Structure formats: structure tokens, C-alpha cells
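Student: Pasting a structure here, questions to come.
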Amino acid sequence: MICRLCCCGVHIIIRTVHTALVLGIPITLITQDTELRHAIYYFQRPFYAISYIVLLLFSLVMYFLACLVNPGFLPPSKKKTLSLNNNSDEEDIFEDSNMINKATNYRHCDFCEVEQPMRTKHCEDCKRCVRKYDHHCPWLETCVGERNHRFFWLFLLSISSLIFWTVYITWESIVYKLDWIQWLESNALLFCDLFVLIIAGMVVFGLLCFHSYLIVVGLTTWEFVSRERITYLKYLDDSYNPFDEGCLCNLYHFLCHWKLRRWEALYAKKAEAQGTSNSGIV
Ligand SMILES: [Zn+2]
Ligand SMILES: [Zn+2]
């Protein structure tokens, strides 16, 4: 119980810090003589002001969706029955259960006492099994998995754009002074903002590029970094990815496909197409 309360406290602290940073930096810029002040406070440029506010709110909404949407935790109530039973939340890629049988070899999670569908991994921080596990994100304080990965990526995209825009506004607002001490004093707040923005921007933009690459090639972070330890990948050729359906299709499924997928079925379909239906299935 105490542990659960501590956990809840950490969630609240991290999410409050995030919200404070996302709102706080623009507020400090509005207090200075900046483009943002003229646009929002004096409302001299309505389109500029509305665009900035919409982007800011969109990034916050995506952040909280990524935090609060169930990442794909395996439901304990479906213990032992998950494997081949039809789940109303899952799509039917194959009617042919024999094909699924061939590809399906569910691993057992000793912690959750459930059978893990393909691409599922137990998260030691969440203490749950997560479908299409990507990673556990300390900034969200939850896992990134099949259900919330798109929100996480949209959050990275929107917050990166917001940071670049805010860095530009901040940089443009630095005032020139002949005396460098005066120069430092009069721009101190802007320099603090720039410091935070550049550090955050490098991290967020790096993550955005990395996750965009993973989405396009149809991999998860876990599969990318631990391929040689994953039973359904380690015996396959390094250049072969059984979940890659082509970059446009991967992107479409990632952003627009809301149902949970039967990865075993796709795996079997690709394996049959390759003429190696049994070689890579462990
Ligand atoms: Zn587990
Ligand atoms: Zn987790």
C-alpha cells in the first residue's frame, strides 16, 4: 500500500514538473519583451498566438494520453486463455487457426502468471506484461507499448516543434548591451530558458528521430536493442524483420490502426511468404 502511494506520488511529481516546464517557459517569455508577448499578451498577431497555444496544448494532451492510456497491459483475468482465443479487441488477420498455431509459441511470465503473446515483455517497473513492449519511460512514469506508442510519438513530434519555435523566440529576444555584466543581467531569464530548452530539445529531438526510424522499419526499441536475446528474432537473418510491411504500411498501422494486432499471424504470414515457415519460429 505504501509502495503504491509512493509510486502514485512519483507519477504526480513528474507530470507536474513536465506541465510546469511546458507552461512556465512560455510564461517567462511573456513577461519579457519578446515576440510571444506581443503576439499573446497584446494580441497583435492572433494567428501566431493561436498557433503557438494550440501546439502547446496539443503537446500537453499527447503527453497525458501517453501517460494515462493503458500501454497494453495483459489483463490478469485472461490468464491461460489468452493464447488462441479470439479477443474482441484484436483483429482477425487470419481465419486459419492452423497458421496461427504454427507461429504461436507463447512464453510464460512467471511474475504475472500469464502466457505472453508475441512482442510482449514483462516490465519490472510496472510489474506487468505489456503488449508490443517498447520501453519503460521514466518521464511518463509508465510503459510505452502497443496502445500508447502513437501518443508518445505525437508528443515527441509536437514538443520538438514547440521547443524549436520557443528557442527561436528566446534567441531573437536577447538584447545587446555594451557591458557584458549588464548584458548577462538583462538577459538572465532568457539564458536560463535557453539552457533548459536546448538540453530538453536535444533529448527530445534525438528520441523523435530514433522512434520515427523504428516506426518506419516496424520495430520496437526492445527488439532493436535486444534482438539477439529475443526468441522470435534471434534465429532470423539480421536483415530480416518479420514485422516490416513496408514503410507506408508500417506508418499507417502505427498511427491509424487502433485494434491490437495478432503479431503471431503476421509473423507466420511473412514466414510462409519467405518459404521459411518453421525456421524462425521458436
Ligand atoms: Zn509479466
Ligand atoms: Zn513499465
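Each reported figure results from applying straightforward, stated rules to the coordinates on display, with no laboratory input. Everything numeric here is computed off the predicted structure, so don't read it as measured data. Reconstructed Cβ throughout: ideal geometry from the backbone, glycine too, with neighbour counts over all protein chains shown.
Student: At residue 176 and residue 209, where each label point lies 7 Å from the Cα along Cα→Cβ, what is the point-to-point distance in nanometres?
Tutor: 3.2 nm
Student: Now for a different question. Let's test the formula: R0 of 22 Å, r as the Cβ-Cβ distance of residue 247 and residue 70. What FRET efficiency results, to the nearest 0.05?
Tutor: Working from the Cβ atoms, E equals 0.20.
Student: Another one. Just to be sure I understand the curve: with the Debye formula and one point per C-alpha of the stretch 170-250, what is log10 I(q)/I(0) at q = 0.12, 0.24, 0.27 Å⁻¹?
Tutor: These q points yield log10 I(q)/I(0) values of -0.57, -1.08, -1.19.
Student: Still on this model: Considering amide H positions built from the backbone, and no H for Pro or chain starts, which residues 5 or more places from residue 144, or on another chain, come under 5 Å of its amide H?
Tutor: For residue 144, whose amide H was placed from the backbone, the distant partners under 5 Å are 134, 135, 136, 137.
Student: Just the Kirkwood number for the stretch 222-270, please: inverse of mean 1/r across all distinct Cα pairs, in Å, one decimal.
Tutor: Answer for the stretch 222-270: a Kirkwood hydrodynamic radius of 12.0 Å.
Student: Using the 10 angstrom Cβ neighbour count as an exposure proxy, how do 128, 119 rank, fewest first?
Tutor: Going from least to most buried by this count: 128, 119.
Student: Here's another thing I want to ask about it. On alpha carbon coordinates alone, what is the Rg over Rh value for the stretch 127-209, Rh being the Kirkwood radius?
Tutor: Rg/Rh: 1.20.
Student: For the pair residue 108 and residue 202, what calculated FRET efficiency results from E = 1/(1 + (r/R0)^6), where r is the Cβ-Cβ distance and R0 = 45 Å, to the nearest 0.05?
Tutor: The calculated FRET efficiency here is 0.65.
Student: For a quick check: sort 167, 204, 22 by the number of other beta carbons within 10 angstrom, fewest at the front.
Tutor: So the ranking, lowest neighbour count to highest, is 167, 22, 204.
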